[in-house]
Amino acid sequence: MRFLLDDEQREFARSLDGMLTAAGTPAVVRAWAAGDHGPGRALWVRLAEAGVFALAVPEEQEGMGIRPVELVVAFTEVGRHAVPGPLVETVAVAALLDHLDDTALATAWLPGITSGKTAASLCLLTPDTPYALDADAAGVVFVVTEDTLRVAESAGPVQPSADPARRLARPRGGTVLAQGSGVRAAAARAADVAALATAAQALGLGRALLDRTVDYVKQRAQFGRPIGSFQAVQHRLADTLIALEFAQPLVHAAAVALAAGQPDSVRGIAAAKVAAGEAAHGAARTALQCHGALGYTEELDLSLWIRKARALRTAWGSPAACRARVLTG
């Protein structure tokens, strides 16, 4: 199968890229990491106005209908610019509420998600994943424990993360919204959407790391020559590009399968998540190696992307968990 984005999808990507470039996301990321959510929330509203969150909300709840392919296009650009905040979790919440088939709950929350007024976080509570992302910044935190859905009473204390702009917390208490087997099914759907969006985010982030590194090796000279002319550097960059090129069709194919409701879409999403996560992590390692000690400095914007690559690799499915899911379905 040969898959290409159509003209409208490519224009959507270009418009988001232009908007986020003009927004100066490195400053937004640093403010978010310091606990100042104002610039991030302002950017959140602009993303909502561009229709990003509406892509995960059905039309009857003021969205554009469920569009996994366009969602992947959007989150690739979000990752390319390292936009902070629980964006993935918000679209996962939209998927969860839509799949619950509870009109009252959907009407209460989905229009706010579409408009950008509601930033939501989600915790599918297990011993391995006890945290909610950016619960302190979200307007609401949904928690699923086995077959029970509740709204957390408080965000809980913030925990350190590999990426300072990804603030983790253990949500506490809360009001029960729904119970039963339907909650389990809806949570599984939300996890699939979150994994797919995270894979797209990692793909965009890996592309940005590679682009920045290629620009740098053209400029930095050693022994009177740009280091990009050295074969060892070229091979490392080529390996990074190949990994990203391999991951991209897996991410797009997973989106197509999810949109079509194919029964094996779960495996496709897991394969896409592990491929994109590993590719982005590899791109971060390449960027760090090619930049040398400069790459470690917090003052360099590159560090914002490098740290996020490590976090996205395990968010919503570690490489080991995704590989196991591909094998077992």
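All of the numbers you see were taken from the coordinates with simple rules; none came from a lab. Computed from a predicted model, the values in this text were never measured in an experiment. All Cβ positions, glycine included, derive from the backbone under ideal geometry; neighbour counts span all protein chains shown.
Which listed residue (Leu300, Leu4, Val193) has the Cα farthest towards the positive end of the charge dipole for the chain, taking +1 on Lys and Arg C-beta and -1 on Asp and Glu C-beta about the Cα centre? Going by the charge dipole, the pick is Leu300. Loop sites here are GluC sites (Glu not before Pro) outside DSSP states H, G, I, E and B with no more than 15 other Cβ atoms within 10 Å. The longest part of the chain free of them is 154-297.
Structural descriptor for the stretch 193-328: relative contact order 35 percent, calculated from alpha carbon pairs under 8 angstrom and at least 6 residues apart. Dipole magnitude for the stretch 1-157: about 600 debye, using +1 per Lys or Arg Cβ and -1 per Asp or Glu Cβ, origin at the Cα centre. Remark: the Glu153-Met64 segment gains 29.0 nm on full extension, using 0.36 nm per residue and subtracting the alpha carbon distance.
Between Phe230 and Ala104, the contour length at 0.36 nm per residue exceeds the alpha carbon distance by 39.2 nm. Of the residues Ala106, Ser161, Gly282, the one whose Cα sits farthest toward the positive end of the charge dipole of the chain, with +1 on the Cβ of Lys and Arg and -1 on the Cβ of Asp and Glu, is Gly282. The sum of -39500 (n - 2.57) across all DSSP H runs of n ≥ 4, divided by the residue count of the chain, sets its helix-only mean residue ellipticity at 222 nm to -20500 deg cm²/dmol. In the chain, Cα pairs under 8 Å separated by at least six residues give a relative contact order of 17 percent.
With a ≥ b ≥ c the root eigenvalues of the C-alpha gyration tensor of the stretch 143-290, is it rounded (a/c under 1.5), prolate (a/b larger than b/c) or oblate? Judged from the Cα gyration tensor, the stretch 143-290 comes out oblate (a/c at least 1.5, b/c at or above a/b). A simple rule links phi to the HN-Hα coupling: the Karplus curve 6.51 cos²θ - 1.76 cosθ + 1.60 with θ = phi - 60°, which for the stretch 200-215 gives 5, 4, 5, 4, x, 5, x, 4, 5, 4, 5, 4, 5, 6, 4, 4 Hz, with x for Gly and Pro. When +1 charges are put on Lys and Arg Cβ atoms and -1 charges on Asp and Glu Cβ atoms, the dipole computed for the chain relative to its Cα centre reaches about 1180 debye. Using the Cβ-Cβ distance between Arg323 and Lys218 with R0 set to 25 Å, the FRET efficiency works out to roughly 0.10.
Could you give the dipole magnitude of the stretch 90-195 about its Cα centre, charging the beta-carbon of Lys and Arg +1 and that of Asp and Glu -1, in debye to the nearest 20? It comes to approximately 220 debye. For the Cα atoms of the chain, what angle does the longest principal axis make with the long axis of helix 38-49, in degrees from 0 to 90, nearest 10? The angle comes out near 70 degrees. The calculated FRET efficiency for Ser181 paired with Asp6, based on their beta-carbon distance and R0 = 45 Å, is about 0.75.
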